[in-house]
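J.: The structure that follows is given in the form of C-alpha cells.
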Amino acid sequence: MLSDEAAQILKAEWEGICALAEARKLKDWLDDPKLIKAVSLSVNSSVKTYRYVLPTQIVSKLADSSLDSHCLQASRGGRGAFDARTIAHHVIVPFDQDNESVLGGSQEPYVNNPLRVPEVSFDYRDAQRDRPGWDRLCAVLDAVEKKANVGFTRRVFKQVLTEVYKRMSTVRVVYPAPRRVSLSKTMEVIQKFLSQHSGGDRLLALSSALFTVIGTHFGLYAEVKRGKITAADQPSGMLADLECITKDGHIAFAIEVKDRQITISQLRAKLRTIREKQVSEIFFVATQGTVPSERDDVESLIQHEFASGHNIYVTDLERLSRTALALIGEHGRRDFLTETSAQLEKYRSDIMHRRTWASILAKL
C-alpha cells in the first residue's frame, strides 16, 4: 500500500537525518544552490499549506517512482496520477504531530484553498495568492520529474527533511510536568539527561535550574544570571557561567559549569577574576571531577584560598542535586523540572536536547 511504503521511507530517512544532526554532521544534499534555497523557502513558507507539499509529493515519488510528483488529485488523470491528499493526511500529518507540529499543526492541509487544484504546476499559478512560493514548489518538483532518477529524488527528500530539522529549532516544545516526583525519580531524570554528550548545554541548563530553585526556596539571593553555552565569560561580562545575585546587586555565588574534568590551571585562571570582583564563594560543578593526577594540587589550592577569604567548592551536579532536592521537598523538585524546561526554551537549546528532556518527563 502506498501510504505504508511512504511511512516506512519517511521513518528511515528522518532517523538518518536526526542521527546526523546529533553527530553534528548535518549537510546539504544537493549541488544546486537555487534548488536548495527553493526547498528551504518552501519548508519555511508563510503559507502553512505549502510546507506540507514537498514532504508529501516527494515521499510519494520515492514510494512509487511511476507517480507524477506534480499530481494532487487522482481525478486529474493521465500518467502517474494519484491521490496525494491520502499521503498528506495519513503520513505527513502524523509525522508533523510527532515532531512538535514543526510544519504548522494542520490536520488536513490538502483540503485548504491553495491545493484545491489538480496539480502543482504553472498552469495553476493564477489561483495562488503567493505566486513566488508556488513557483518554488513547481521548480523543485520539475527538477524531480526531469531527472527521473531515484537517487536524485532521495537526495531532494533528504534536503527537505534537513530543512524540516533546521526549522524545528524555531518551534516551542511542550514539556509535560508531573504533579509530583520523588527524589529518586528526579535523580534518575538528571542521570538520563546527562547520559548523552551535549557540549555542556544540558549540564548548564540543569545547573541553572537547580540554583534558581535553591534561591527561590531558601531566599539566599534574588536572581540567577546565566551566560550562553557558546559565549566566553569575559566577553559576556560575567564572572562565571552562572552568577547568583542578591537584592543589592552583589554576587553571592559564582558557578562555573564543566562537562569534563577540571584542571588546576582552570582553577587558577578563574581565581584571578574572582579576586578582582571580590567574590568569596565559587562552585565548580563538573561531571568528571578533577584530573586525578592534580587532585592533591587542587586540594592544596583550595586550602590556600580559604585562608585568603575565598571558599571554593568542587562537586558534581548529581551529588549537589541529591542534597538540595531533598531539602526543598516535593514542590521544589517539581519546580526544578519545570525550571529546567524553561531554561532549555529561553536559551534555545538544540532541539535534540529539548525533545529528549520532554521525552524523559513524559515517562515519569
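J.: For region 299-364, compute Rg over Rh where Rg is the Cα radius of gyration and Rh is the Kirkwood radius from the inverse mean 1/r over Cα pairs.
T.: Taking Rh as the inverse mean 1/r over Cα pairs, Rg/Rh reads 1.15.
J.: Hey, another quick one. Regarding the chain, what is the average projected area of its C-alpha convex hull, in nm²?
T.: Result: a mean projected hull area of 22.3 nm².
J.: Alpha carbon centre of region 135-207 versus region 240-285: separation in Å?
T.: Here the answer is 34 Å between Cα centres.
J.: Name the trypsin sites (Lys or Arg not before Pro) in region 21-123 that are in a loop by DSSP and that have at most 16 other C-beta atoms within 10 Å, would you?
T.: Passing sites in region 21-123 are ARG24, LYS25, LYS27, ARG79, ARG116.
J.: When every alpha-carbon pair in region 2-170 is counted, what percent end up more than 26 Å apart?
T.: I get 18 percent for the Cα pairs in region 2-170 exceeding 26 Å.
J.: Hey, what number do you get for the chain at 222 nm if only DSSP H runs of n ≥ 4 count, each worth -39500 (n - 2.57), divided across all residues, to the nearest 500?
T.: For the chain, the value works out to -17000 deg cm²/dmol.
Only the coordinates and a few stated rules stand behind these numbers; no lab work does. These numbers come from a predicted model, not from an experiment. As a convention, Cβ positions derive from the backbone with ideal geometry for all residues, glycine included, and neighbour counts pool all protein chains shown.
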